[in-house]
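K.L.:
Take a look at the following structure, please.
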Amino acid sequence: RYKSDFLAIVSHELRTPLTSILAFADLMADTVDPADAASRRQLEEIEKNGAILLEMVDNVLETARIQAGSERLNLELVDLNDIVGMVEASNQPVALKKGVAMSTAVDADVPLIMSDWEKVRRILVNLVSNAVKFTPAGGLVDVHATWVPERSRVRIEVADTGIGIAPEDLPRVFERGYTGYNGRTDRKSTGIGLYLTRRVLTMLGHQIHIDARPGGGTRVHISLKRPELSE
């Protein structure tokens with residue numbers, strides 16, 4: 001409990017200066033000469049890595065809250081078009097720099113769902129950033145939301161053509177702190193993204209499943225429940 005409280009406090013304190021760094025980088029971008037390619041590239045790196053670090057801090061903060069039993073849900077009707085669009089915009093620069101193509105689609109018949117807007121956004125950010133990270137240049141990351149009427153659920157699939165996951169690693173990918181994939185260790189990962197994703201989805205009454213094989217890419221399926229009319 002002490003460790004969880006400590007992580008929550010530190011993460012909260014880190015968030016304030018990080019937000020300021022990103023805000024000032026955004027302001028500087030408006031004053032840099034468009035012809036100054038070097039300065040613009042440096043600012044883009046600051047913004048990109050600052051945003052990645054902020055997401056990591058938010059993940060640690062939310063994990064500490066869940067472990068402390070203090071996490072609260074803010075349920076509301078959620079439009080997945082908005083969330084998928086934001087997730088694409090935040091991950092597209094990283095994908096382009098790596099040479100990874102990205103496509104997104106939300107079918108026209110996908111209804112609103114009852115969920116926590118910010119938590120669903122963070123879940124998709126975690127999944128898409130993982131897909132981009134483990135997909136080499138020339139690969140593809142695809143996000144597709146569909147309506148499954150017989151189950152009264154919305155299905156979101158995040159698919160990539162990356163390195164995949166070995167069968168022996170699949171049972172462990174949702175463990176807190178696990179960063180080993182296909183015999184390699186991802187030293188840039190906190191190992192809490194997928195752990196947090198499953199915990200939050202369970203809290204919301206949603207489901208997650210992963211299909212993958214080494215060298216054959218990964219497909220992550222999320223099943224989101226739709227509210228009943230009586231709700």
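K.L.:
Would you check which residues across segment 103-135 are among the polar types (S, T, N, Q), outside any helix (DSSP H, G or I) and touching a helix residue (DSSP H, G or I) at 6+ places or on another chain (Cβ under 8 Å) and list them? Quick ask: steps written out before the conclusion?
P.N.:
Filtering segment 103-135 down to residues among the polar types (S, T, N, Q) leaves 103-104, 115, 126, 129-130, 135.
Retained after the next criterion (residues that are outside any helix (DSSP H, G or I)): 103-104, 115, 135.
Hits for segment 103-135 are Thr104, Ser115, Thr135.
K.L.:
Determine which single condition Gly139 fails, assuming it passes every other condition in (1) closer than 24 Å to Lys48 by Cα; (2) touching a Pro at 6+ places or on another chain (Cβ under 9 Å).
P.N.:
Going through the list (1) closer than 24 Å to Lys48 by Cα; (2) touching a Pro at 6+ places or on another chain (Cβ under 9 Å), Gly139 breaks only (2).
K.L.:
Now for a different question. Take the residues in segment 101-129 that are under 23 Å from Gly162 (Cβ atoms) and basic (Lys, Arg), then tell me which one is surrounded by the most Cβ atoms within 10 Å (Cβ to Cβ).
P.N.:
That would be Arg122.
K.L.:
For segment 150-203, give me each residue that is of a type in the set (S, T, N, Q), at pLDDT 85 or above and on the phi < 0 side of the Ramachandran plot. Before the answer, list the steps.
P.N.:
In the first step, residues of segment 150-203 are kept if they are of a type in the set (S, T, N, Q); the result is 152, 161, 179, 182, 185, 189-190, 197, 202.
Now narrow it down to the ones that are at pLDDT 85 or above: 152, 161, 197, 202.
Across segment 150-203, the qualifying residues are Thr161, Thr197, Thr202.
K.L.:
If you don't mind, there's one more thing I want to ask. Any residue at all in segment 40-51 that is in a helix (DSSP H, G or I), at pLDDT below 80 and open to solvent by less than 60 Å² (accessible area, probe 1.4 Å)?
P.N.:
Scanning segment 40-51 turns up at least one residue that is in a helix (DSSP H, G or I), at pLDDT below 80 and open to solvent by less than 60 Å² (accessible area, probe 1.4 Å).
K.L.:
Next question, about the same structure. Using the structure shown, decide if Ala68 is buried (at least 18 other Cβ atoms within 10 Å of the Cβ), under 18 Å from Gly193 (Cα atoms) and at pLDDT below 80. Step through it out loud before you land on a result.
P.N.:
Details: buried (at least 18 other Cβ atoms within 10 Å of the Cβ): no; under 18 Å from Gly193 (Cα atoms): yes; at pLDDT below 80: yes.
Taking the combined requirement at face value, the residue does not satisfy it.
K.L.:
If I filter segment 88-97 for residues that are of a type in the set (Ser, Thr, Tyr) and either within 17 Å of Thr146 (Cβ to Cβ) or not in a helix (DSSP H, G or I) (or both), do I get at least one hit? Give the steps one after another, and end with the answer.
P.N.:
Step one: filter segment 88-97 for residues of a type in the set (Ser, Thr, Tyr), giving 90.
Then keep just the ones that are either within 17 Å of Thr146 (Cβ to Cβ) or not in a helix (DSSP H, G or I) (or both); that gives none.
No, segment 88-97 contains no residue that is of a type in the set (Ser, Thr, Tyr) and either within 17 Å of Thr146 (Cβ to Cβ) or not in a helix (DSSP H, G or I) (or both).
K.L.:
In addition: If Met86 passes every condition in (1) open to solvent by 80 Å² or more (accessible area, probe 1.4 Å); (2) more than 25 Å from Arg155 (Cβ to Cβ); (3) within 17 Å of the chain's Cα centre (by Cα) but one, which one does it miss?
P.N.:
Going through the list (1) open to solvent by 80 Å² or more (accessible area, probe 1.4 Å); (2) more than 25 Å from Arg155 (Cβ to Cβ); (3) within 17 Å of the chain's Cα centre (by Cα), Met86 breaks only (2).
K.L.:
Does Val132 count as free of Cβ contacts under 8 Å to residues at least 60 places away in the same chain, closer than 18 Å to Ala51 by Cβ and touching an Asp or Glu at 6+ places or on another chain (Cβ under 6 Å)? Explain how you work it out, then say what you get.
P.N.:
Working: free of Cβ contacts under 8 Å to residues at least 60 places away in the same chain: yes; closer than 18 Å to Ala51 by Cβ: yes; touching an Asp or Glu at 6+ places or on another chain (Cβ under 6 Å): no.
Against the criterion (free of Cβ contacts under 8 Å to residues at least 60 places away in the same chain, closer than 18 Å to Ala51 by Cβ and touching an Asp or Glu at 6+ places or on another chain (Cβ under 6 Å)), Val132 does not qualify.
The values are calculated or read from the model by the stated rules, or taken from the named source; none is laboratory data. Quick caveat, the model's predicted, so the values are computed rather than measured. Note that we place each Cβ from the backbone using ideal geometry, even for glycine, and neighbour counts take in every protein chain shown. Remember, those area values only see protein heavy atoms, side chains included, never the ligands or the DNA or RNA. Shrake-Rupley method; radii C 1.70, N 1.55, O 1.52, S 1.80 Å.
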